[in-house]
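Q: The following block contains the structure, expressed as structure tokens.
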Amino acid sequence: MDTNTNPKKKNHTQMEETESKKGKERWSLHGMTALVTGGTKGIGYAVVEELLSFGAAVHTCARNEAELRSCLERWRGMGYPLVTGSVCDVSSREQREQLMNEVASLYAGKLNILVNNAGTNIPKPTTEYSEEDVAHIWATNFESAFHLSQLSYPLLKESGRGSIVFVSSVAGVVATPYGTPYSGTKGAMIQLTKNLACEWAKDHIRANCVAPWFTRTPLADPLFDEQTLAKIRSRTPLGRIAEAEEVSSAVAFLCLPAASYITGQTITVDGGVTINGFFFN
């Protein structure tokens, strides 16, 4: 008689292995594909790296070809062969269409994740904005996110499990003194998130939003003189600005199977600033 063979123990071990595998799959993006706009700097760069670390194949885009090539070489040197990129100015409708055609070809007509990250700002008093300033900010921040969502819809639907994450801003949630058109685009992005979450839920596409506070990025760095930093620290319960990796982790979480019942939400990654009351400063 083989005393080492215990059917109950064997079944229990198989169950444990199955549960362990399910747990790992919930926290993995292996086999999934992603498009991240504006992925060579700041939050976008961190998002690309974060998604790659979870096992996704990632395509990104940027306006500067030299910067794009440099980033791709760096990521591949880190052991991430499934990263690709395109030169694209997301403020251009024609270039957005070309980008999505490339993504559709690269991923055989399927896409699991779209991260609408690319954005810009021209901080100045509201009365000083020109028509060109406003048009450029809206085209880069909101029109690109809206149009790319439209273009990606059939690819996300075809994947059977799609996720869109918009990178908005605390400026879209509360008033800030750093650019009215910028704040308008970020607020519109939050509402777009809610609409798409409801409209496209039947197609197994989730839509969520991350709204960061001041983050150490090339776009925000010019604002960080000592006086401004002191004001930010005084209003932020955690007493500092964010690092790009602290935002990208929230983006990645919303893309994971573990977040499969989360849609239409805006997560403020803000060190507590939007819930800070009168008595805390």
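The values are calculated or read from the model by the stated rules, or taken from the named source; none is laboratory data. Remember, predicted model here, so these are calculated numbers, not experimental data. Note: ideal-geometry Cβ built from the backbone for every residue, glycine included; neighbour counts use all protein chains shown. Ligands, DNA and RNA are stripped out before the accessible areas are found, and what is left, the full protein with its side chains, is counted by its heavy atoms. Shrake-Rupley method; radii C 1.70, N 1.55, O 1.52, S 1.80 Å.
Q: List the residues whose amide H sits under 5 Å from the amide H of Thr84, counting only those 5 or more places along or on another chain, with H placed 1.01 Å from N in the peptide plane.
A: Counting only residues 5 or more places away or on other chains, the set is Val58, His59, Thr60.
Q: Hey, if we sort Arg206, Arg76, Arg63 by accessible area with the 1.4 Å probe, largest down, what's the order?
A: On the way: Arg206 35, Arg76 115, Arg63 165 Å².
The most accessible residue leads, giving Arg63, Arg76, Arg206.
Q: Can you count the Lys pairs in the chain whose Cα atoms are under 16 Å apart, with each pair 8 or more apart or on different chains?
A: Values: Lys110/Lys157; Lys157/Lys202; Lys186/Lys194; Lys194/Lys202.
Lysine pairs, 8 or more places apart or on different chains, close enough: 4.
Q: On to the next question. Just how large is the dipole of segment 178-281 about the Cα centre, in debye to the nearest 20, putting +1 at every Lys and Arg Cβ and -1 at every Asp and Glu Cβ?
A: Numbers: 9 positive and 9 negative charges, 54 e Å.
With only Lys, Arg, Asp and Glu charged at Cβ, the dipole is about 260 debye.
Q: Would you kindly compute the Cα radius of gyration of segment 176-281 and its largest Cα-Cα separation (Dmax), both in Å?
A: In Å, with Rg to one decimal and Dmax whole: 15.6, 49.
Q: What's log10 of I(q)/I(0) for the chain at q = 0.11, 0.15 Å⁻¹, Debye sum over Cα points only, no solvent?
A: -0.64, -1.12
Q: Compute, for Arg233, the solvent-accessible surface of its heavy atoms (probe 1.4 Å) with the complete set of protein chains present, and express it in square angstrom to the nearest 10.
A: 110
Q: Something else now. So, with a 1.4 angstrom probe, what is the percent of accessible area on segment 30-272 that is carbon and sulfur? Please report the intermediate quantities before stating the final value.
A: Numbers: 5700 of 10840 Å².
The computed percentage sits at 53.
Q: Considering all alpha-carbon pairs of segment 95-176, what whole percent are spaced by more than 23 angstrom?
A: Numbers: 1083 of 3321 pairs.
Result for the distance tail: 33 percent.
Q: Further question: Compute a Gaussian network model of the chain, connecting alpha carbons closer than 10 Å, and tell me which residue from Glu128, Glu199, Glu50 fluctuates the most.
A: Judging by the Gaussian network model, the answer is Glu128.
Q: Could you tell me the relative contact order of the chain? Use alpha-carbon pairs under 8 Å, at least six residues apart, and round to a whole percent.
A: On the way: 497 pairs, mean separation 51.3, N = 281.
RCO, the chain: 18 percent.
Q: For Lys124, Lys186, what's the largest-to-smallest order of accessible area, 1.4 Å probe? Provide the component values of the computation, followed by the final result.
A: On the way: Lys124 65, Lys186 10 Å².
Correct descending sequence by accessible area is Lys124, Lys186.
Q: Only four residue types carry charge here, +1 at the Cβ of Lys and Arg and -1 at the Cβ of Asp and Glu. Report the dipole size of the chain about the Cα centre in Debye, rounded to the nearest 20.
A: On the way: 27 positive and 29 negative charges, 197 e Å.
In total the dipole reaches around 940 debye.
Q: Divide by every residue of the chain the summed helix terms, -39500 (n - 2.57) for each DSSP H run of at least 4, and state the resulting mean residue ellipticity at 222 nm, rounded to the nearest 500 deg cm²/dmol. Write out the running numbers ahead of the final one.
A: Values: 9 runs with 125 residues, N = 281.
Taking each H run of at least 4 residues, the total per residue is -14500 deg cm²/dmol.
Q: Next up: In whole Hz and in residue order, list the ³J(HN,Hα) couplings for segment 204-210 that follow from phi through the Karplus curve 6.51 cos²θ - 1.76 cosθ + 1.60, θ = phi - 60°; x for Gly and Pro.
A: Ordered by residue, 3J(HN,Hα) equals 6, 10, 9, 9, 9, 9, 10 Hz.
Q: Leaving out ligands, DNA and RNA but keeping every protein chain, what accessible area does Met100 have, in Å² rounded to the nearest 10, with a 1.4 Å probe?
A: The accessible area comes out at roughly 10 Å².
Q: Report the rotationally averaged projected area of segment 128-167 based on its alpha-carbon convex hull, in square nanometres. If you can, show how the numbers build up before the last one.
A: Values: hull surface 12.6 nm².
With every direction weighted equally, the projected area is 3.2 nm².
Q: For Thr268, tell me the accessible area in Å² from a 1.4 Å probe, rounded to the nearest 10.
A: Only protein atoms counted, so the area is about 50 Å².
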